[in-house]
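The values are calculated or read from the model by the stated rules, or taken from the named source; none is laboratory data. Just so it is clear, the structure is predicted and the values come from calculations on it, not from any experiment. Note: ideal-geometry Cβ built from the backbone for every residue, glycine included; neighbour counts use all protein chains shown. Heavy atoms of the whole protein, side chains included, go into the accessibility calculation; ligands, DNA and RNA do not. Shrake-Rupley method; radii C 1.70, N 1.55, O 1.52, S 1.80 Å.
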Amino acid sequence: MEEYDDREALLPGASGSPERPKMSAISDPNRLAHRIVVLCLMCFLGFGSYFCYDNPAALQTQVQLDMKVNTASFMQLYAFYSWPNVILCFFGGFLIDRVFGIRWGTIIFSLFVCVGQVIFAAGALFNAFWLMEAGRLVFGIGGESLAVAQNTYAVSWFKGKELNLVFGLQLSMARVGSTVNMNVMGLVYSRVKDLIGTTGHSTLGVTLMIGGITCLLSLVCAFVLGYLDRRAEKILNKEQGKTGEVIKLTDVKDFSLSLWLIFLVCVCYYVAVFPFIGLGKVFFIEKFNFSPVQAGAINSVVYIISAPLSPVFGFMVDRIGKNILWVMFAVVATLGAHIMLAFTFWNPWIAMSLLGVSYSLLACALWPMVAFVVPEHQLGTAYGFMQSIQNLGLAIIAIVSGIILDTSGYLFLEVFFSACLCLAIIAVVMLYFVNLIRGGDLNLSSWERARLQKEAEHEAQRERMRRDSIIWTAFAVRVRYLSRLGAQIPKHFISHQLSLSHRSVLK
Amino acid sequence: MLSMSAGLCVAVLCALTAGLGVRGEHAEYRRRASLESVPGEDTSMNILHIRAVDNSSTIHYVWSSIGAPAVLLVYTSSPSSQLNVNWTQLTSPTPYGAITIEPASSVLYSTALLFTRIFEYQDVNNTADFSGTPEKYFYPAYDLSEFSWDDANATVNASSLTANLTGRAESHSFQNGSLTFRISAYDGPGRDKVSPRLLHNANCSKFEFLLSQVKPRGNNSRFALEMVTLEKKAGRKSMQSVRSIDDEYTPTIFEVAQLVPHTPNSSHAQGYFQWKSVAYGSTSGKREDSLPCQHYILKSLNESVEFPSVVHAFFGEDLLETYNVEAFNVSFGIADGDFYDKYNFMSWSALIGYGTPPKDSFSILVISIMGVALGLPVLLLLLGAGVVLKLKNRVYSSYEPIN
């Protein structure tokens, strides 16, 4: 409010909004067509990092043969990505809010991703595994923070519009990135092998360099997106809620109970999905007598399902609202899938498909909820924090579930995951009641949200009209001027209370 | 906050129930078990005898390394039945009747398990398809009847009820390596500490089949063990694969295989062999060293088999006329799994027993975690609904109309 007043000219009409030039739909930030362009850019912004993140998995045998490392060292490539992110995600959101702003933040993180991938590939070229690990570290610094930036962009462009759909699309793009990578990198490797003539670390290096092209693509997207965002800000006078405010680390203390519950759901849910998929292959081979190829297929079905379903669910949640109920439904369905896997011999395709569907549904309903409970200027921090503790949870639970599996087997592991999911259910139930008691808008249907938003807009418009309709006498201008200086003036001349006097409240 | 305390509750409850579970074992059925070596003339000819006695019956397990290693299982209705071995007759070309149980009338059931050959084949594509591998990839099988055996008497541990039958082939591969049957007897119910942590009771004994430091004869070698079993003509053994959802005790292994007699009109329980479908590449039985194994269908042997003398000594000359003799294989390793040469060691365990094969059930810990985990959200839902209802009522009642 203060800011608005500051920008307002002292004399009305002195600097009104300039006449907007007529623009075509594609270049008008107000229009859907333009937003779609922006959406595409946002999706490809993350494509590179998701593509390259799973490069090691796609080339596991090649990496292990060419670099002559065992599986434990190979897994270090993922660990080096994960560990720094526990802290960095948090700072990533922080840096976006405080230091770089969303645009430069995105560009810088994209640069990190690119440089990281190049170092990673160079490590293979020079046959230095430590360099590859270092590359993954740099890549990791950029990777997760880039995801935070991506989310923040999505919120700033699509909040109140197609936000759930956009989150869904971003998620499916991530999955497409992983899937394309899994299927393409092996082919690229064999092509490069044919070109060079031999296998070896240089073949691997060249292959990874080629994979790095996707990161360059993402970097280009970051630049274009930054340009478009600035342009939109100028044209729309879009408020940049992130700048100007000083956010302290202690802001975390001000996070509402609802937000913490959302974090809890997030951690408890994801630790019951990703570590399971990581350890799932052997489970399907041993318990269901699948061949390794079949087991690999069923293990990736969650990602394959979530790629096309995410945007559909995003759209659906946008239309219907009721986020908490969807989250609840998704968590319960996931629990059902885990119980099915643990206690029955039913065809695991049923359970895994259910898992895939509920996983996509949860992602579409859970992540956008953050935007409803956090003021806009803290969004980056909140999303960063969410991803940070998600990473922490995943890193810890990955280790824990490995230990559980080795000592107590899959049944116990599944029971453990079910317990995690039950904790998530408890959190959702509490979230539901907290929301109900405090009257939050997390569980409103979309038409209720639309009505509220319309009312708010209406209110704001009335406010503006009222302000415009005040006859700007010289006296009024002077009063306003004095009030700016901080001089004492009689209460009934204070302009922002004038509007209140029209309401029945003060009468 | 509430969820944290809920988590704490879960932990406390688990600890409690786990503690209860340990103390709450049923009254245990026990037998007096003993394991001893039957002294003979030649130290390489071993006969190990396990007796497990209760008030009304005795189970005899007779292990022998004369010829192919074999174990006889004899169930008698007398608590004082004795094993008699006539060594001179046993080592003669006609050993029939050299091994007897006195009184003979007390013998209710008898069977045998023979370990005849070890196959080794080259698994070129890492498919672990033992039965589908072409003949040319097989190395000459090791015939266990040609092995020479160490003196088992020195390995008998009467208090822990264990003994080892260790032997080796006249082959380069066995220069530093050996094959061992580690035999354990049990006097009560329990579970081994090391994987596969088979559940056992007083009515069974266990053997571990150990190949250690045996050099594989090529790259990608896999092994398989051939065994022969017999059953009175009225019935025959059948192979059962019991798939369990519970792998708590043997992580990642969901299959229990058992060989049980299928005898119609049988008035009493019978002998069984039971094993989990896994072998290990180390003595510690860690999961990452597991070599899952597969078993194959029983095949009837009609032509004359070269039985080790103990089998003829106990079951008589006309063995094939009164008994169904069947052979089966167990192969070690699965597709895309590790080969033997990664460890140069392999251990596989199985139970031999009388009665109903033991069956794993959920641990109390699992049941209680599931109970608490599923119960808490429901409880919270009810509680929350109550609170909300109450709050709503209060909210409405506290707002009095302004006028």
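Select from region B:95-117 the residues that are touching a residue at least 60 places away in the same chain (Cβ under 8 Å) and either of a type outside the set (A, V, I, L, M, F, W, C) or in a loop (DSSP other than H, G, I, E, B) (or both) and list them in ascending order.
B:PRO95, B:TYR96, B:GLY97, B:ALA98, B:THR100, B:TYR109, B:SER110, B:THR111, B:THR116, B:ARG117 - these are the residues of region B:95-117 that are touching a residue at least 60 places away in the same chain (Cβ under 8 Å) and either of a type outside the set (A, V, I, L, M, F, W, C) or in a loop (DSSP other than H, G, I, E, B) (or both).
Checking B:VAL395 against (1) at pLDDT 85 or above; (2) over 24 Å from A:GLU414 (Cα atoms), only one condition comes out false. Which one?
Every condition holds for B:VAL395 apart from (1).
Criterion first (under 13 Å from A:LEU309 (Cβ atoms), touching a Ser or Thr at 6+ places or on another chain (Cβ under 9 Å) and not hydroxyl-bearing (Ser, Thr, Tyr)) does A:ALA351 satisfy it? Steps first, please.
Numbers: under 13 Å from A:LEU309 (Cβ atoms): no; touching a Ser or Thr at 6+ places or on another chain (Cβ under 9 Å): yes; not hydroxyl-bearing (Ser, Thr, Tyr): yes.
Criteria not met by A:ALA351.
So A:VAL180 fits all but one of (1) surrounded by fewer than 19 Cβ atoms within 10 Å (Cβ to Cβ); (2) free of Cβ contacts under 8 Å to residues at least 24 places away in the same chain; what number is the exception?
Condition (2) is where A:VAL180 drops out.
Which one is surrounded by the most Cβ atoms within 10 Å (Cβ to Cβ), of the residues in region A:409-424 that are at the interface with another protein chain (Cβ under 7 Å from one of its Cβ atoms) and either touching a helix residue (DSSP H, G or I) at 6+ places or on another chain (Cβ under 7 Å) or modelled with pLDDT of 95 or more (or both)? Before the answer, list the steps.
So the first thing to find is which residues in region A:409-424 are at the interface with another protein chain (Cβ under 7 Å from one of its Cβ atoms), and the list is A:409-412, A:415, A:418-419, A:422-423.
Now restrict to residues that are either touching a helix residue (DSSP H, G or I) at 6+ places or on another chain (Cβ under 7 Å) or modelled with pLDDT of 95 or more (or both): A:410-412, A:415, A:418-419, A:422-423.
On the way: A:TYR410: 26, A:LEU411: 24, A:PHE412: 24, A:VAL415: 25, A:SER418: 24, A:ALA419: 23, A:CYS422: 28, A:LEU423: 26.
It comes out as A:CYS422.
Restricting attention to region A:122-140, report how many residues are hydrophobic (A, V, I, L, M, F, W, C) and surrounded by 24 or more Cβ atoms within 10 Å (Cβ to Cβ). Before you say what the answer is, go through the steps one by one.
Narrowing region A:122-140 to residues hydrophobic (A, V, I, L, M, F, W, C): A:122, A:124-126, A:128-132, A:134, A:137-139.
This time we only want the ones that are surrounded by 24 or more Cβ atoms within 10 Å (Cβ to Cβ), so: A:124, A:132, A:139.
Number of matching residues: 3.
Kindly list the number of the only condition in (1) within 14 Å of another protein chain (Cβ to nearest Cβ); (2) open to solvent by less than 20 Å² (accessible area, probe 1.4 Å) that fails for B:ALA224.
Every listed condition holds for B:ALA224 apart from (1).
Which residues, taken from region B:152-205, are of a type in the set (Gly, Ala, Ser) and more than 24 Å from B:VAL53 (Cβ to Cβ)?
Keep residues of region B:152-205 that are of a type in the set (Gly, Ala, Ser), which gives B:152, B:154, B:158-160, B:163, B:167, B:169, B:171, B:173, B:177-178, B:184-185, B:188, B:190, B:195, B:202, B:205.
Matches in region B:152-205: B:ALA154, B:GLY167, B:ALA169, B:SER171, B:SER173, B:GLY177, B:SER178, B:SER195.
Out of B:THR133, B:THR127, which single residue is free of Cβ contacts under 8 Å to residues at least 60 places away in the same chain, β-branched (Val, Ile, Thr) and assigned to a loop (DSSP other than H, G, I, E, B)? Steps first, answer last, please.
Working: B:THR127 fails: free of Cβ contacts under 8 Å to residues at least 60 places away in the same chain.
So the residue among B:THR133, B:THR127 that is free of Cβ contacts under 8 Å to residues at least 60 places away in the same chain, β-branched (Val, Ile, Thr) and assigned to a loop (DSSP other than H, G, I, E, B) is B:THR133.
If you take just the helices (runs of 4 or more DSSP H) that sit entirely in region A:255-333, which of them hold at least 1 residues that are more than 13 Å from every other protein chain (Cβ to nearest Cβ) and either touching a strand residue (DSSP E or B) at 6+ places or on another chain (Cβ under 9 Å) or over 21 Å from A:ALA427 (Cα atoms) (or both)? Outline the logic, then answer.
Details: elements: A:257-270, A:274-288, A:292-299, A:301-320.
By residue number, A:274-288, A:292-299, A:301-320.
Based on what the data block shows, is A:PHE385 in contact with an Asp or Glu (Cβ under 7 Å, 6 or more places away or on another chain), away from chain B (no Cβ under 14 Å) and aromatic (Phe, Trp, Tyr)? Walk me through how you get there before you give the answer.
On the way: in contact with an Asp or Glu (Cβ under 7 Å, 6 or more places away or on another chain): no; away from chain B (no Cβ under 14 Å): yes; aromatic (Phe, Trp, Tyr): yes.
When the stated conditions are applied, A:PHE385 does not pass them.
Kindly indicate whether any position in region B:61-78 is of a type outside the set (Val, Ile, Thr) and free of Cβ contacts under 8 Å to residues at least 24 places away in the same chain.
From region B:61-78, those of a type outside the set (Val, Ile, Thr) are B:61, B:63-65, B:67-70, B:72-73, B:75, B:77-78; that's our starting set.
Checking the rest, the ones that are also free of Cβ contacts under 8 Å to residues at least 24 places away in the same chain come to none.
No, region B:61-78 contains no residue that is of a type outside the set (Val, Ile, Thr) and free of Cβ contacts under 8 Å to residues at least 24 places away in the same chain.
Residue by residue through region A:334-376, note down the ones that are within 14 Å of another protein chain (Cβ to nearest Cβ), touching a residue at least 24 places away in the same chain (Cβ under 8 Å) and crowded, with 18+ Cβ neighbours inside 10 Å.
Across region A:334-376, the qualifying residues are A:THR334, A:LEU335, A:HIS338, A:ILE339, A:LEU341, A:ALA342, A:PRO348.
Filter region B:161-217 down to the residues that are in contact with a helix residue (DSSP H, G or I) (Cβ under 8 Å, 6 or more places away or on another chain) and within 19 Å of B:PRO140 (Cα to Cα) and list them by number.
Across region B:161-217, the qualifying residues are B:GLY167, B:ARG168, B:ALA169, B:GLU170, B:LEU179, B:LEU211, B:VAL214, B:LYS215, B:PRO216, B:ARG217.
Within region A:1-58, take every residue that is outside any helix (DSSP H, G or I) and of a type in the set (D, E, K, R) and give me the one that is modelled with the highest pLDDT.
In the first step, residues of region A:1-58 are kept if they are outside any helix (DSSP H, G or I); the result is A:1, A:8-31, A:54.
So of that shortlist, the ones also of a type in the set (D, E, K, R) come out as A:8, A:19-20, A:22, A:28, A:31, A:54.
Numbers: A:GLU8: 43, A:GLU19: 47, A:ARG20: 49, A:LYS22: 58, A:ASP28: 72, A:ARG31: 76, A:ASP54: 80.
Applying the filter and picking the extreme gives A:ASP54.
So in region B:344-361, with the set limited to residues that are out of contact with any Leu (no Cβ under 8 Å at 6 or more places or on another chain) and open to solvent by 40 Å² or more (accessible area, probe 1.4 Å), which one is nearest to the other protein chains (Cβ to nearest Cβ)?
So the residue we want is B:SER361.
Taking B:LEU365 as meeting all but one of (1) within 11 Å of chain A (Cβ to nearest Cβ); (2) in contact (Cβ under 8 Å) with a residue 40 or more places away in the chain; (3) buried (at least 19 other Cβ atoms within 10 Å of the Cβ), write down the number of the exception.
Failing condition for B:LEU365: (3).
When the residues of region B:285-320 are narrowed to those that are assigned to a loop (DSSP other than H, G, I, E, B) and open to solvent by 60 Å² or more (accessible area, probe 1.4 Å), which ends up nearest to the other protein chains (Cβ to nearest Cβ)? Before the answer, list the steps.
Within region B:285-320, the subset assigned to a loop (DSSP other than H, G, I, E, B) is B:285-286, B:296-298, B:301-308, B:316-318.
With the extra rule that they be open to solvent by 60 Å² or more (accessible area, probe 1.4 Å), the set shrinks to B:286, B:297, B:302-304, B:306, B:317-318.
On the way: B:LYS286: 7, B:ILE297: 16, B:ASN302: 32, B:GLU303: 34, B:SER304: 37, B:GLU306: 36, B:GLU317: 44, B:ASP318: 42 Å.
This residue is B:LYS286.
Could you check B:GLY333 against (1) within 20 Å of the chain's Cα centre (by Cα); (2) crowded, with 22+ Cβ neighbours inside 10 Å; (3) more than 14 Å from chain A (Cβ to nearest Cβ) and say which number it fails?
Result: B:GLY333 fails condition (3) only.
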